[in-house]
């Protein structure tokens, strides 16, 4: 991780051998170390090694954890899409002061408590459609590696032992602050590091903490104890990826002191230590204030997914650039829910039509002939996806523009199928639908938005969530639809509109289709004025009724 070697190493790195990447669309990422965008070149052609700091498992995970996980899941998916063989490591911290405090409060064994919340975290990740990393190491399973690294640091005179505790001599690492720009004195005792008069320098931090009564401990050359937070990630990343790897990621709040201290430790243990790219996702705020438990504006993933579909939450999270601040608001979640409903309804309608028209589709193995509009649409979508994703994962720009145009064209083509057409023209429309659908689902797959179940199932789930938020059950809506039908028969237009508006205020839209009335979720109308998008965040457009 020696910053002085970083630029040289990157210049020597080979071009990626990924099949789908071309010189025209070089993948560029923002490197926190250099504070600029750089062309991504892995150390080993065709292979990527990536480490992301995971959660300290002592409670249900919150929205900030979700953002970090989804941000790096998109990166993981995109690297695989480009053809790379990716080794992705995301750790669990299951030995920590916070875990011990919570275990003391509940009377549980700290490791058992943490194990329970690790499992809950993985349930949340599955719901959010985050792919499982290659490795998910836990601190408690890697004590030997941690102790070995601490020994290396002591042997190289960067660490010292005091009464069973081991501290890192921060002032001996001359490059301290290269990542964050922070000075050593900013790592002052009482704020980010513990106050301890035994330390040589107030900025020194713990590598190993001597055992205390009632705390979990492990034997070591310095006496029983447990590791400090920072050394855990250094040891686990080196164990799975070596001291040299491509990407180290985490939340913006980890830059200092956690990642700064990781660099110091890893370079002290191994002079050749080097990470090519440091990537960090932005904070989550609530009404433009940073989320925190003390302010009472804190939400767990589980609290949100009780009311909103996990795919709506994922859409919300990637509807801002991963480095931008993300402002949590009910309106943004309502908009995200509305947007994914439109996407899946359009794709369901397309899929249903193609199933009905299956016999009309040729099966001669020849390339599909499609309409000029469809050809232009697919080309534009493919190009826009490549350009935006290759530019530091600009996901929010992909969810608008050509992507929405493709969905609109699908709906237009479906309308054309309802009209009388010559056989050849009809065949062009059918094949166009199939090709556009394929292209749209490829985009959704890389973004992690392709549902694991049928479109019909996910639409029903979205409707159930909308009913929950409205405080209704479907029977209530059906009853109101029947009552409104009677009002319409009596030609009481004003009352009919009032009944529609009453439901729309609750997030339920009524649509009159011929003599039938159907319903779908919508953005509650009274919230329109409250929307405050974050910087770099796109407000989902109000889609046409699907």
- Kindly list the number of the only condition in (1) under 18 Å from residue 359 (Cα atoms); (2) surrounded by fewer than 20 Cβ atoms within 10 Å (Cβ to Cβ) that fails for residue 432. (2)
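For (1) touching a strand residue (DSSP E or B) at 6+ places or on another chain (Cβ under 7 Å); (2) closer than 30 Å to residue 155 by Cβ, each residue gets a yes or a no:
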| site | (1), (2) |
| --- | --- |
| 265 | yes, yes |
| 288 | yes, no |
| 301 | yes, no |
| 311 | no, no |
| 345 | no, no |
- Test for residue 225: is it in the same structural domain as residue 111 (by the TED database), closer than 19 Å to residue 140 by Cβ and modelled with pLDDT under 95: no
- Message: If the requirement is being closer than 20 Å to residue 446 by Cβ, at pLDDT 95 or above and not in a strand (DSSP E or B), which of these qualifies: 78, 58, 30?
- Response: 78
- Quick check: anything in segment 407-428 outside the structural domain of residue 79 (by the TED database), under 30 Å from residue 297 (Cβ atoms) and assigned to a helix (DSSP H, G or I)? no
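Yes/no per residue for (1) closer than 13 Å to residue 97 by Cβ; (2) buried (at least 23 other Cβ atoms within 10 Å of the Cβ):
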residue: 197; (1), (2): no, no
residue: 204; (1), (2): no, yes
residue: 209; (1), (2): yes, no
residue: 212; (1), (2): yes, no
residue: 215; (1), (2): yes, no
residue: 220; (1), (2): no, no
residue: 226; (1), (2): yes, yes
residue: 229; (1), (2): yes, no
residue: 232; (1), (2): yes, yes
- Query: Among the residues of segment 105-119, is any surrounded by fewer than 24 Cβ atoms within 10 Å (Cβ to Cβ), at positive phi, in contact (Cβ under 8 Å) with a residue 12 or more places away in the chain and part of a loop (DSSP other than H, G, I, E, B)?
  - Reply: no
- Query: Looking at segment 470-486, is at least one residue out of contact with any strand residue (DSSP E or B) (no Cβ under 9 Å at 6 or more places or on another chain) and in contact (Cβ under 8 Å) with a residue 40 or more places away in the chain?
  - Reply: no
- Query: Tell me, which residue of segment 49-66 that is crowded, with 24+ Cβ neighbours inside 10 Å and over 16 Å from residue 118 (Cβ atoms) is nearest to the chain's Cα centre (by Cα)?
  - Reply: 64
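Residues that are surrounded by fewer than 16 Cβ atoms within 10 Å (Cβ to Cβ) and touching a helix residue (DSSP H, G or I) at 6+ places or on another chain (Cβ under 9 Å): list the helices (runs of 4 or more DSSP H) wholly contained in segment 297-390 that include at least 3 such residues.
Per the criteria, 372-390.
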- Message: For segment 255-274, give me each residue that is assigned to a helix (DSSP H, G or I) and surrounded by 22 or more Cβ atoms within 10 Å (Cβ to Cβ).
- Response: 257, 259, 260, 261, 262, 263, 264, 265, 266, 267, 268, 269
- Task: Take the residues in segment 33-55 that are in a strand (DSSP E or B) and in contact with a helix residue (DSSP H, G or I) (Cβ under 9 Å, 6 or more places away or on another chain), then tell me which one is nearest to residue 237 (Cα to Cα).
- Result: 51
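Given 464, 439, which one is touching a residue at least 40 places away in the same chain (Cβ under 8 Å) and either under 27 Å from the mean Cα position of the chain (by Cα) or surrounded by 21 or more Cβ atoms within 10 Å (Cβ to Cβ) (or both)?
Only one candidate passes the filter, namely 439.
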- Of these, 509, 505, which one is out of contact with any helix residue (DSSP H, G or I) (no Cβ under 7 Å at 6 or more places or on another chain), more than 30 Å from residue 283 (Cβ to Cβ) and at pLDDT 95 or above? 509
- Those residues that are part of a loop (DSSP other than H, G, I, E, B) and surrounded by 17 or more Cβ atoms within 10 Å (Cβ to Cβ), I need them from segment 473-523; list them, please. 506, 507, 522, 523
- Query: What tally of residues in segment 239-251 results from selecting those that are buried (at least 22 other Cβ atoms within 10 Å of the Cβ) and either touching a helix residue (DSSP H, G or I) at 6+ places or on another chain (Cβ under 9 Å) or closer than 16 Å to residue 96 by Cβ (or both)?
  - Reply: 5
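The values are calculated or read from the model by the stated rules, or taken from the named source; none is laboratory data. These numbers were taken from a predicted model, which means no experiment stands behind them. When we count neighbours, we look across all protein chains shown, and the Cβ atoms used for this are built from the backbone with ideal geometry, even at glycine.
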